1. Please determine whether any residue of region 1-10 is of a type in the set (Ser, Thr, Tyr), open to solvent by 60 Å² or more (accessible area, probe 1.4 Å) and assigned to a helix (DSSP H, G or I).
2. Within region 12-27, work out how many residues are assigned to a helix (DSSP H, G or I) and open to solvent by less than 40 Å² (accessible area, probe 1.4 Å).
3. Taking the condition of being without any contact (Cβ under 8 Å) to a residue 12 or more places away in the chain and either part of a helix (DSSP H, G or I) or open to solvent by less than 60 Å² (accessible area, probe 1.4 Å) (or both), how many residues in region 39-48 meet it?
4. Go through region 54-67 and report how many residues are in a loop (DSSP other than H, G, I, E, B) and open to solvent by 30 Å² or more (accessible area, probe 1.4 Å).
5. Taking the options Trp51, Trp36, name whichever one is of a type outside the set (Ser, Thr, Tyr) and open to solvent by less than 60 Å² (accessible area, probe 1.4 Å).
6. Taking the condition acidic (Asp, Glu), assigned to a helix (DSSP H, G or I) and open to solvent by 100 Å² or more (accessible area, probe 1.4 Å), does Glu30 pass?
Amino acid sequence: MVKETKEKMTVYLACSIAEGFCGGEGATEEQQIEAWQYLHDTGHAYKLQGWYGRTARDLIEAGIINE
């Protein structure tokens with residue numbers, strides 16, 4: 001379960017939130033958006049498996065995260 005206190009976002013935490021495993025289980029919608037924004041902003045969404053990049057692009061097109 002994602003802690004209620006503000007935890008420093010890392011690639012691992014962002015991935016766990018995006019995929020819903022370990023520390024990302026039970027993440028809120030706000031936390032999911034923050035994780036995807038982090039993955040996009042750092043460029044990691046495009047260095048990881050293709051699913052991350054495709055999902056990030058879909059979220060940008062839908063106006064959920066910022067380009």
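1. Within region 1-10, none of the residues are of a type in the set (Ser, Thr, Tyr), open to solvent by 60 Å² or more (accessible area, probe 1.4 Å) and assigned to a helix (DSSP H, G or I).
2. 8
3. The total comes to 4.
4. Count: 5.
5. On inspection, the qualifying residue turns out to be Trp36.
6. For Glu30, the condition - acidic (Asp, Glu), assigned to a helix (DSSP H, G or I) and open to solvent by 100 Å² or more (accessible area, probe 1.4 Å) - is met.
The values are calculated or read from the model by the stated rules, or taken from the named source; none is laboratory data. Computed from a predicted model, the values in this text were never measured in an experiment. Neighbour counts run over all protein chains shown; Cβ positions are idealised from the backbone, glycine included. Please note that ligands, DNA and RNA were not included when accessible areas were found on the heavy atoms of the full protein model with its side chains. Shrake-Rupley method; radii C 1.70, N 1.55, O 1.52, S 1.80 Å.
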